[in-house]
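Enquirer: Dropping a structure here in structure tokens format, bear with me for questions.
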Amino acid sequence: MKKNTWFLTLLITVLLLAAGGVLLWRTGFFQAATSLEGLQAYIETFSPYSHLVFFLIQLASVVLAPIPSNLTALAGALLFGTLPAFLLTWAAVVVGSALVFQLARCLGQAFVDRFVSQALSDRYLDIIRRKRDVFLAMAFLFPFFPDDILCILAGLTEISFPRFLVMVILFRPWGLLVASAVGGSVVNIPLWGMALLGMGGLAVFLLGMKYGDRLEEALLRRFRRK
């Protein structure tokens, strides 16, 4: 890509991202995102365009991380129902993942360096290049991997865009589906079951906080082997 074209594309991208962040801030999104009720109220204020706003928020959660996709999916399910919220979120995640992948593919390392720290790039890029499909599929399934960053880094590898897109479609939506199902009350669980799930979730969270880095490192060591 010619230098002038590269610079213009980068400039437009940065301006659009900045404008999106400012718009979310000016409309009170970041204050609303501190609670589920706040998110619901925020999305409802844009009626009759609530579905479009919800889609754009979910898209921003990929491109303008960190925005909690699972939390916004849950809020959307409470407003629209499980299936609409899930499909909108899934579509937004696919579009956002494809967007950051293509930007990295077209603009190269200089673009990636503006969004991904050197430490994270060093940690994941070589493994993505060598293990590609297997690593990306597992990373998309495990909650402690930075999915959005991995999508950016994948754009620097030789993996084809159609292959990458298939993996995003197949492996990224499962946590979003669970959040949408819970928010839409599709999953009806008795009180004692909710208590058990709550304790189990708390245990998994605490174990993840304590041992998540070790598990990730163990997986990374395994992938580094031949």
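Enquirer: Say we look at region 70-112 and pick out the residues that are polar (S, T, N, Q) and buried (at least 19 other Cβ atoms within 10 Å of the Cβ); which of these is nearest to Ile12 (Cα to Cα)?
Expert: Among residues in region 70-112 that are polar (S, T, N, Q) and buried (at least 19 other Cβ atoms within 10 Å of the Cβ), the one nearest to Ile12 (Cα to Cα) is Ser97.
Enquirer: Could you grab me the full set of residues in region 38-52 that are buried (at least 18 other Cβ atoms within 10 Å of the Cβ) and of a type in the set (Val, Ile, Thr)?
Expert: Scanning region 38-52 gives a single hit, Ile43.
Enquirer: While we're looking at this one, here's another question. Would a scan of region 117-135 turn up a residue that is under 17 Å from the mean Cα position of the chain (by Cα), under 25 Å from Val178 (Cα atoms) and at pLDDT below 85?
Expert: yes
Enquirer: Of the numbered conditions (1) of a type in the set (Phe, Trp, Tyr); (2) modelled with pLDDT under 90; (3) crowded, with 18+ Cβ neighbours inside 10 Å, Phe164 fails exactly one; give the number of that condition.
Expert: With respect to (1) of a type in the set (Phe, Trp, Tyr); (2) modelled with pLDDT under 90; (3) crowded, with 18+ Cβ neighbours inside 10 Å, Phe164 is out only on (2).
The values are calculated or read from the model by the stated rules, or taken from the named source; none is laboratory data. From a predicted model like this one, the values you see are computed outputs, not experimental measurements. All Cβ positions, even for glycine, are placed from backbone atoms using ideal geometry, and neighbour counts span all protein chains on display.
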